[in-house]
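The values are calculated or read from the model by the stated rules, or taken from the named source; none is laboratory data. All values derive from a computational prediction rather than experimental measurement. A quick note on method: Cβ atoms are made from the backbone with ideal geometry, for glycine too, and the neighbour counts reach across all protein chains shown.
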Amino acid sequence: MTVSHRFLIVAAIFITCLITANIIAVKLITLGIEPLKAGGFEFPSPLPAAIVIFPLSYIFGDILTEVYGYRMARRVIWLGFLCNLIAVFAFWVAGQIPALDSEVQSAYDRILGYTPRLLAASFLAYLVGEFANSFVLAKMKVKTKGRFLWSRTIGSTLVGQGLDAAVFIVIAFGGTMSWALIGGIILTHWLVKTGYETVATPFTYLIVNYLKKKEGVDTYDRDTDFNPFLVTR
């Protein structure tokens, strides 16, 4: 498939959302709702500020798979992983260089300093969530014969975002807080992100229909090898 400028734009937005989300995730926000607490369980729990943009990576991941197919989405997912790795490495190198002002260094480390555990949680959750999302959508498209796009975008998000939240929270915070609290955090993340996708469904329809018309492409992954590591195929 010849790569078009529209494909490049969608891929660029996908990767930008991913990297931006990782930078602003350090800030925790509340939903302005008094949480329900019982036996250590808390719902809704605080959320990282990344919630304002991270779900967009799933929306554009849906668009990539729906229009261009799993093979092209797979390449972009790995490209996003590589770009994020480059950004994190650059943050780390810059953090090792002595700062002129110690207060600036402290602020830098707090915002852009990543512990190995959080990095592992973030990278693994991203890969598991995005590939699950793309796989489910591609399979559902074949099963539904291209109908009911809303069912594919929401259904794939339920799986992808659920796995993303579970993998990240468990690896990042397992053993540091109660499992009841971890469960509340996972549930909050899952419901809010899925709700985000549901509300954005008309936007997804608009972009998907535009791209299919302009590109003349509507890929069905009937004979696709879904191995996530076959980047060149």
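The figures follow:
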item: Selected residue (only one of Tyr114, Tyr205, Tyr196 is assigned to a loop (DSSP other than H, G, I, E, B) and either touching a Lys or Arg at 6+ places or on another chain (Cβ under 9 Å) or among the aromatic types (Phe, Trp, Tyr) (or both)); result: Tyr114
item: Single match in Val88, Val104 (criterion: free of Cβ contacts under 8 Å to residues at least 40 places away in the same chain and among the hydrophobic types (A, V, I, L, M, F, W, C)); result: Val104
item: Qualifying residues in region 81-111 (those that are hydrophobic (A, V, I, L, M, F, W, C) and not in a helix (DSSP H, G or I)) - the one nearest to Phe168 (Cα to Cα); result: Ile97
item: Any chance Ile51 is modelled with pLDDT under 90, surrounded by 17 or more Cβ atoms within 10 Å (Cβ to Cβ) and in a helix (DSSP H, G or I); result: yes
item: Pair list, Cβ under 7 Å, 6 or more apart: region 200-217 residue in contact (Cβ under 8 Å) with a residue 40 or more places away in the chain, other residue in a loop (DSSP other than H, G, I, E, B); result: Lys212/Asp218; Glu215/Ser4
item: Every pair of residues 6+ apart whose Cβ atoms lie under 7 Å, when the first sits in region 167-194 and is among the small types (Gly, Ala, Ser) while the second is surrounded by fewer than 18 Cβ atoms within 10 Å (Cβ to Cβ) and in a helix (DSSP H, G or I); result: Ala172/Arg117; Ala172/Leu118
item: Residue under evaluation Tyr220, criteria (1) closer than 20 Å to Gly80 by Cα; (2) not in a helix (DSSP H, G or I), criterion not met; result: (1)
item: Total residues in region 3-27, condition hydroxyl-bearing (Ser, Thr, Tyr) and within 12 Å of the chain's Cα centre (by Cα); result: 2
item: Residue check, Gly184 assigned to a loop (DSSP other than H, G, I, E, B) and not basic (Lys, Arg); result: no
item: Criterion: in contact with an Asp or Glu (Cβ under 7 Å, 6 or more places away or on another chain), at negative phi and of a type in the set (S, T, N, Q) - qualifying residue of Ser4, Ser45, Ser57; result: Ser4
item: Filter pass, Thr194 being of a type in the set (Val, Ile, Thr), buried (at least 17 other Cβ atoms within 10 Å of the Cβ) and touching a Ser or Thr at 6+ places or on another chain (Cβ under 7 Å); result: yes
